[in-house]
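Peer 1: Dropping the structure in here first, questions after.
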Amino acid sequence: MSHKGPKSVQGLHHLAKACLLSLILFLLVSVRADDIEVYLQPPPEPVPPNILFLLDESGSMDNLVEPGITRRDALVNALHRIVDGGLLNNVNATLLGYTTMREDPTETRLVAHTGDFTIVGDDSSHFRSAIDQLQSLNYTPTTDALAAAVDWFNPNRRTDLIQNSRSESPLAGDPEELKCAPNRIVLLSDGAPNTSTRTGHEGIACAEVHLFDDFSDERPGWHNDGARCANEISAWAYQTDLATGTGWDGVQNILTYTLSFGTTPGSPTQRFMDQIAARGGGESWHVVDEDSIVNAFNTAIAEAQDSIDYAMNAPSIPFNPDNAAINGDFIYVPLFLPEARGFWRGNLKKYRVDVDDDDIRLLASPNISRIKKAKS
């Protein structure tokens, strides 16, 4: 905003605009100033992360965790606690349940119980109702479900395999609003993969899997085939920039986290899940009950929220008596260290402003000028 006044004041205003950026950069390395501690505070209106909860609805989710409580019950209770605790309030999330069709066990069944991605806090009652719709049905097509979840994020692809959703990518929209949002898949499964017949992903042949050769199940080959390409899918999602058009900065990739529910430590199933997370840039947990599910979900959600990549503009302090950065004879320059977390550490640099005709000088603490006069 311009200010009318004597010619000398207008000259000072234009002078500050022209030279202040170079002055500030010089000051930061050459002038010793007072450091003023600033209390840490979260950035305003943080960007909501995109989290797809990919949840096993196979028949083994009917197995008991404790008397009267099935694995499905423990999962449902854990999700209710997460929502009630408010941690998902500013998360763009969806629940995608997966199993196979009852009438055709070779066909994957994918249901978006919450519908499309939505900010949970905008309608938490809808999210709570959707949690109760999780079921325990048939087989465990983990690899095919993971591929569909990745496709849902991909703005260049529209999967038609998911029921109850338009499958619109959370990355389909204005890059200025979406480019800082972390993308996560949180996969929970309680059994070995099966039913998939994939041999390649994105035009590249997948490595053969022999994790289940000594598996106690009478059909180890069925599980080896079902596991094939899972590592390649999570690695591709982690390494690929899904949005590269105009306005997108950085890499819009997906990290995959896994929860092995009730599996035997060190078993082929748990190693299968661990490998998906390791290749997908995420973490893996072995969970056994409601509390451990809550702890794992809390960690995954908190990590996504803390990893928001906020950008910091170069400091610019217009020479304006009405500007809040100037108080009396002093000017305050903010210095903050960008970090992959919800809080930034930093302080303010304090300088004395000396104005004489058309000259502006910023003085260090002893009132000694360490910069040259700026002429208009």
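The values are calculated or read from the model by the stated rules, or taken from the named source; none is laboratory data. Bear in mind that the values here come from a model prediction, so they are computed numbers and not experimental data. Heads up, the Cβs are rebuilt from the backbone with ideal geometry, glycines too, and the neighbour counts pull from every protein chain shown. We work out accessible area using only protein heavy atoms, side chains counted, and drop any ligands, DNA or RNA first. Shrake-Rupley method; radii C 1.70, N 1.55, O 1.52, S 1.80 Å.
Peer 1: Looking at segment 163-233, which GluC sites (Glu not before Pro) are DSSP coil and have at most 16 other C-beta atoms within 10 Å of their C-beta?
Peer 2: Of the GluC sites (Glu not before Pro), the ones in loops of segment 163-233 whose Cβ has at most 16 other Cβ atoms within 10 Å are Glu168, Glu202, Glu208, Glu218.
Peer 1: Counting only protein heavy atoms, what percent of the accessible surface of segment 76-196 is carbon or sulfur at a 1.4 Å probe?
Peer 2: 40 percent
Peer 1: Within the set of other residues whose C-beta is less than 12 Å from the C-beta of Thr159, count the net charge using Lys and Arg as +1 and Asp and Glu as -1.
Peer 2: -1
Peer 1: To the nearest 10 Å², what's Trp152's accessible area with a 1.4 Å probe?
Peer 2: Rounded to the nearest 10, that gives 0 Å².
Peer 1: Rounded, prolate or oblate: pick one for segment 172-244, where a ≥ b ≥ c are the square roots of the eigenvalues of its C-alpha gyration tensor, a/c under 1.5 means rounded, and failing that, prolate if a/b is larger than b/c, else oblate.
Peer 2: prolate
Peer 1: Among residues other than Thr264 whose Cβ falls under 14 Å from its Cβ, what is the net charge (Lys/Arg +1, Asp/Glu -1)?
Peer 2: Summing Lys/Arg as +1 and Asp/Glu as -1 gives -3.
Peer 1: Next question, about the same structure. Give the accessible surface of segment 55-115 per residue, rounded to a whole number of Å², with probe radius 1.4 Å and ligands, DNA and RNA excluded.
Peer 2: Here the per-residue accessible area is 37 Å².
Peer 1: Now for a different question. Please compute the per residue accessible area over segment 131-206 with all protein chains in place, 1.4 Å probe, rounded to a whole number of Å².
Peer 2: 41 Å²
Peer 1: Please get the size of the charge dipole for segment 73-220, origin at its Cα centre, with Cβ charges of +1 on Lys and Arg and -1 on Asp and Glu, quoted in debye to the nearest 20.
Peer 2: Roughly 220 debye, rounded to the nearest 20.
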